[in-house]
Amino acid sequence: MNYANLRKIDKLYFGYPDIGTVLGITPASARVSANRYVRQGYLVRVKRNLYVLRERWDRLSGKELFIIANLIQVPSYVSLMTAMGYHDVTTQIQRDFIESIAIKRTKSVDVRGRAFTFSKIDSNLYFGFERRDELEIGPLYKGQGAEARESYIDGISKVLLNCQKYLAGNFDVFLVANDKYNLYPSIAERSGMSIVNQFKRPVLNRTERDKAPYSEIIFHLKNRK
């Protein structure tokens, strides 16, 4: 049964690339399989492309639930009664109810019996986080010229080289990018990796509100032997 292979995913949460890897199928097929396993009760769908094993969901710790809450709406942070209960400021702890502060919108999300609520506040009140914009790889303000592309290749390559210190020898890496300048073959070369497969997917729900067609490529990379 394929579910036995899903249990090999040693992560709190995972998406289509992880499912595709352990089942030996494409990301598109992994999406179909994920939906089927949700209906069968084996997986819990937190949001699009974010899943948790049902057996793990039922025994998540408080801190793991906080991580899930932060992923449901980004950016956000656990606050209000939930934070007060965690720090023993109040005894009025609400079971299976996580309250967070956000700057995008107020909303409530029920995920298999657990309620996650997000209260919107003014962005001026959302502080305590140090911005490190200068560390962003490929920021918009650098443009798309030759120098910016070279900087992007160098930055992503260094990240991949650093990650390899913590990966198993026969690792699988999946990167999603709109590679209109064909930079990732150079990135793979500098990182000591090979692109073994590519999957093109359309992006239907963009942050930008234009109607222009847009697609991304899922790059499957492995260690170059």
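A short reminder: the numbers here are calculations on the coordinates, not readings from a lab. Computed from a predicted model, the values in this text were never measured in an experiment. Neighbour counts are summed over all protein chains in view; Cβ atoms, including those assigned to glycine, are modelled from backbone coordinates with ideal geometry.
Here are a few things to note about the model shown:
- Shown for the chain is the translational diffusion coefficient from the Stokes-Einstein equation, using the Kirkwood radius over Cα pairs, a temperature of 20 °C and a viscosity of 1.002 mPa s: 106 µm²/s.
- As a proxy for reagent exposure, Arg59, Arg190 were ordered by neighbouring Cβ count within 10 angstrom, fewest first; the result is Arg59, Arg190.
- Using the alpha carbons alone, the radius of gyration of region 2-56 stands to its Kirkwood radius in an Rg to Rh ratio of 0.89.
- Applying a DSSP loop filter and a limit of 11 other Cβ atoms within 10 Å to the GluC sites (Glu not before Pro) in region 1-103 leaves nothing.
- Coarse-grained scattering of region 91-173 at q = 0.17, 0.25, 0.26 Å⁻¹, given as base-10 log I(q)/I(0) from a Debye sum over alpha-carbon atoms: -0.90, -1.11, -1.17
- Summing Cβ point charges (Lys, Arg +1; Asp, Glu -1) relative to the Cα centre of the chain gives a dipole of roughly 840 debye.
- Above-threshold pairs, the threshold being 30 Å between Cα atoms, out of Lys47/Lys225; Lys107/Lys158; Lys11/Lys165; Lys8/Lys104; Lys120/Lys200: Lys47/Lys225; Lys107/Lys158; Lys8/Lys104; Lys120/Lys200
- Stokes-Einstein diffusion coefficient of region 133-223, Kirkwood radius over Cα pairs, 25 °C, 0.890 mPa s, in µm²/s: 170
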